[in-house]
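Asks: Let me begin by handing over the structure; questions about it come next.
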Amino acid sequence: MINILVRYWPELWSGLLSTLGSSLLALVGSLILGTLFAFMEISSHRWVKFIGRVYVEVFRNIPLLVVTMFFYVVIPMFIAKVNGFTAGTIGLTIYTSAFIAETVRAGIEAVDTGQMEAARSTGLTYTQAMVQIIFPQAIKITIPPLGNQFINLVKNSSVLAFVAGFDLMYQGNVVAATTFNTSDTYLAVGLMYLILTLPLSYFMRYLEKRLA
Amino acid sequence: MSMIEFHNVEKYFGDFHALKNINLTIDKGEVVVIIGPSGSGKSTLLRSINGLNTISSGKLVINNFDIADKKTNMNKIRRDVGMVFQHFNLYANKSVLENITLGPRLVLKENEEQSKKEAMDLLDLVGLADKAESLPSMLSGGQEQRVAIARSLAMKPQALLFDEPTSALDPEMIGDVLDVMKKVAHEGMTMVVVTHEMGFAQEVANRLIFMADGEVLEDDDTKSFFAHPKEERARQFLSKIINH
């Protein structure tokens, strides 16, 4: 295994960087999109709520691979040529955002309704109450499940391998096919994924403690 | 001068008829206590004054504003009519001081210095100046409720609504909260209080309202209500809560 790591380090390292880049982009994107759709889901406007729910139900109930393939094939047909990395990252972002929307929505709904009532009864607007009172409390509740989503996201980024995204999984496949040493290669790849996910895991735990 | 007027107000929650043809006028400076068995519509009536419940039909006028009117700014009414809840509902993520200053800063546009100074004065009034930096989770129920009253007062409201303010408290905490409420009443605040604290009612309230099954069954000044309740159900209810 060490042999493989040493010999194919440039390939694996560039794969790791692609995986990291795609994951970071998708993490930021899905957090923003997910939060947006969470607020749509709890909106009092019927149509806004409906659109939010449809988005979430569609994208969390279709396999990630299908979503990603869809973007890989469809975007070039209508908009512009995209490489595997971009299509994969878009698919990953949208897929994950559906789960994050549900996580954030659950967090907001877990905050006692009395908090909103008290804020409104002192004349705060809905938005002021959300920003000042509800959302900060919801974030705290949301951190642990959000951590799960982020870790899943990093691992799910291996979907890029199917659309030639040159990520860690893709490079691992190449190395395995070149060396025929499948077991050692995937062991090395697995360890390299841990380099990404373990610190993330610890960081989320740290956040959880600090905010508690 | 009337502050709160109910005209033929009805409220349904689905099929449940929560308020039945309520007609009621509460004047500026009055202290009104509402009593009645649970499920009688007391809280619903109180919450509708603050717009936390909408009404199904009829007319509800607060400070000459019809709250069903789309042009009425509900936030403006809520600014003038404060509410104190059974479970205090202090903002869990804010310190005691921030709980009090948030409304004045965001809604009344007071600057930080002024809002803090006023908040400290109010904390003095409720006897909790030393808790300014504490989080609500560090307070006892009675302390939380006194902070909640200070928070409502910070908006300089014209009326305060109390929804069973002592029902969630341990017995030894109730006195402190009632003392604060008495102080507020003596300042001339218009108050509508849902409570079963008959001592408080006798001492402070000008007027008592008895509700059952969504109706106002009796509405009388405090003395004559306690001396001779006209309604049989009011009589029974009184004897139950006084002689236990």
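The values are calculated or read from the model by the stated rules, or taken from the named source; none is laboratory data. Please read all numbers here as calculations on a predicted model, not as lab measurements. Note: ideal-geometry Cβ built from the backbone for every residue, glycine included; neighbour counts use all protein chains shown. The accessibility values were calculated without ligands, DNA or RNA, using every heavy atom of the protein model including side chains. Shrake-Rupley method; radii C 1.70, N 1.55, O 1.52, S 1.80 Å.
Asks: Hey, does the range B:152-166 have a residue that's among the charged types (D, E, K, R), more than 12 Å from residue B:31 (Cα to Cα) and in contact with a strand residue (DSSP E or B) (Cβ under 8 Å, 6 or more places away or on another chain)? Reasoning before the result, please.
Replies: Step one: of the range B:152-166, the residues among the charged types (D, E, K, R) are B:156, B:163-164.
Cutting the leftovers down to more than 12 Å from residue B:31 (Cα to Cα) gives us B:156, B:163-164.
Checking the rest, the ones that are also in contact with a strand residue (DSSP E or B) (Cβ under 8 Å, 6 or more places away or on another chain) come to B:163-164.
Yes; the residues of the range B:152-166 include at least one that is among the charged types (D, E, K, R), more than 12 Å from residue B:31 (Cα to Cα) and in contact with a strand residue (DSSP E or B) (Cβ under 8 Å, 6 or more places away or on another chain).
Asks: Does residue A:129 meet the test of being in contact with a Gly (Cβ under 6 Å, 6 or more places away or on another chain), small (Gly, Ala, Ser) and within 14 Å of another protein chain (Cβ to nearest Cβ)?
Replies: Spelling it out, it is not the case that residue A:129 is in contact with a Gly (Cβ under 6 Å, 6 or more places away or on another chain), small (Gly, Ala, Ser) and within 14 Å of another protein chain (Cβ to nearest Cβ).
Asks: Here is a follow-up. Go through the residues of the range B:126-140 one by one and say whether even a single one is within 13 Å of chain A (Cβ to nearest Cβ), buried (at least 18 other Cβ atoms within 10 Å of the Cβ) and closer than 26 Å to residue A:136 by Cα.
Replies: In the first step, residues of the range B:126-140 are kept if they are within 13 Å of chain A (Cβ to nearest Cβ); the result is B:135-137.
Cutting the leftovers down to buried (at least 18 other Cβ atoms within 10 Å of the Cβ) gives us B:136.
Okay, now just the ones that are also closer than 26 Å to residue A:136 by Cα, so B:136.
Yes, there is a match, as at least one residue in the range B:126-140 is within 13 Å of chain A (Cβ to nearest Cβ), buried (at least 18 other Cβ atoms within 10 Å of the Cβ) and closer than 26 Å to residue A:136 by Cα.
Asks: Looking only at the range B:153-188, which residues are aliphatic (A, V, I, L, M), over 17 Å from residue B:90 (Cα atoms), in contact (Cβ under 8 Å) with a residue 40 or more places away in the chain and open to solvent by 10 Å² or more (accessible area, probe 1.4 Å)?
Replies: Answer for the range B:153-188, where residues must be aliphatic (A, V, I, L, M), over 17 Å from residue B:90 (Cα atoms), in contact (Cβ under 8 Å) with a residue 40 or more places away in the chain and open to solvent by 10 Å² or more (accessible area, probe 1.4 Å): just B:185.
Asks: While we're looking at this one, here's another question. Pull up the range A:132-147, narrow it to residues that are within 10 Å of chain B (Cβ to nearest Cβ) and not aliphatic (A, V, I, L, M), then point me to the one that is least open to solvent (accessible area, probe 1.4 Å).
Replies: Only one residue fits best here, namely A:137.
Asks: Still on this model: Would you be able to tell me the number of residues in the range B:67-85 that are modelled with pLDDT of 95 or more and part of a loop (DSSP other than H, G, I, E, B)?
Replies: Qualifying residue count, the range B:67-85: 1.
Asks: Right, here's the next one. Restricting to the range B:47-61, what's the tally of residues that are open to solvent by 40 Å² or more (accessible area, probe 1.4 Å) and of a type in the set (Gly, Ala, Ser)? Reasoning before the result, please.
Replies: Taking the range B:47-61 first, the residues open to solvent by 40 Å² or more (accessible area, probe 1.4 Å) are B:47, B:54, B:56-59.
Now narrow it down to the ones that are of a type in the set (Gly, Ala, Ser): B:56-58.
Count: 3.
Asks: Would you pick out the residues in the range B:66-79 that are within 14 Å of another protein chain (Cβ to nearest Cβ) and either open to solvent by less than 40 Å² (accessible area, probe 1.4 Å) or free of Cβ contacts under 8 Å to residues at least 60 places away in the same chain (or both)?
Replies: Correct list: B:67, B:72, B:73, B:74, B:75, B:76, B:77, B:78.
Asks: I've got another one for you. Just need a number here: residues in the range B:17-66 that are part of a loop (DSSP other than H, G, I, E, B) and on the phi < 0 side of the Ramachandran plot. Reasoning before the result, please.
Replies: Filtering the range B:17-66 for residues part of a loop (DSSP other than H, G, I, E, B) gives B:28-30, B:36-41, B:50-56, B:63-64.
Then drop every residue that is not on the phi < 0 side of the Ramachandran plot, which leaves B:28, B:30, B:37-38, B:40, B:50, B:52-56.
Adding up the residues that qualify gives 11.
Asks: Now a separate question. Looking only at the range A:64-80, how many residues end up being outside any helix (DSSP H, G or I) and open to solvent by 50 Å² or more (accessible area, probe 1.4 Å)? Full working, then the answer.
Replies: Here is the first cut: in the range A:64-80, the ones outside any helix (DSSP H, G or I) are A:79-80.
Still in the list and also open to solvent by 50 Å² or more (accessible area, probe 1.4 Å): A:79.
Matching residues across the range A:64-80 total 1.
Matching residues to (1) open to solvent by 50 Å² or more (accessible area, probe 1.4 Å); (2) of a type outside the set (Phe, Trp, Tyr); (3) under 19 Å from the mean Cα position of the chain (by Cα):
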site: A:149; (1), (2), (3): no, yes, yes
site: A:159; (1), (2), (3): no, yes, yes
site: A:182; (1), (2), (3): yes, yes, no
site: A:193; (1), (2), (3): no, no, yes
site: A:202; (1), (2), (3): yes, no, yes
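Asks: Residues to consider are B:90, B:102, B:123; find the one that is more than 14 Å from chain A (Cβ to nearest Cβ), open to solvent by less than 20 Å² (accessible area, probe 1.4 Å) and aliphatic (A, V, I, L, M). Lay out the reasoning, then the answer.
Replies: Values: B:90 fails: more than 14 Å from chain A (Cβ to nearest Cβ); B:102 fails: more than 14 Å from chain A (Cβ to nearest Cβ).
Sole residue among the options that is more than 14 Å from chain A (Cβ to nearest Cβ), open to solvent by less than 20 Å² (accessible area, probe 1.4 Å) and aliphatic (A, V, I, L, M): B:123.
Asks: Suppose we filter A:122, A:103 for residues that are in contact (Cβ under 8 Å) with a residue 24 or more places away in the chain and crowded, with 18+ Cβ neighbours inside 10 Å; which single one remains?
Replies: A:103
Asks: Taking residue A:85 as the residue in question, decide whether it is assigned to a helix (DSSP H, G or I), buried (at least 19 other Cβ atoms within 10 Å of the Cβ), in contact with a Ser or Thr (Cβ under 7 Å, 6 or more places away or on another chain) and not charged (D, E, K, R).
Replies: Yes, satisfied.
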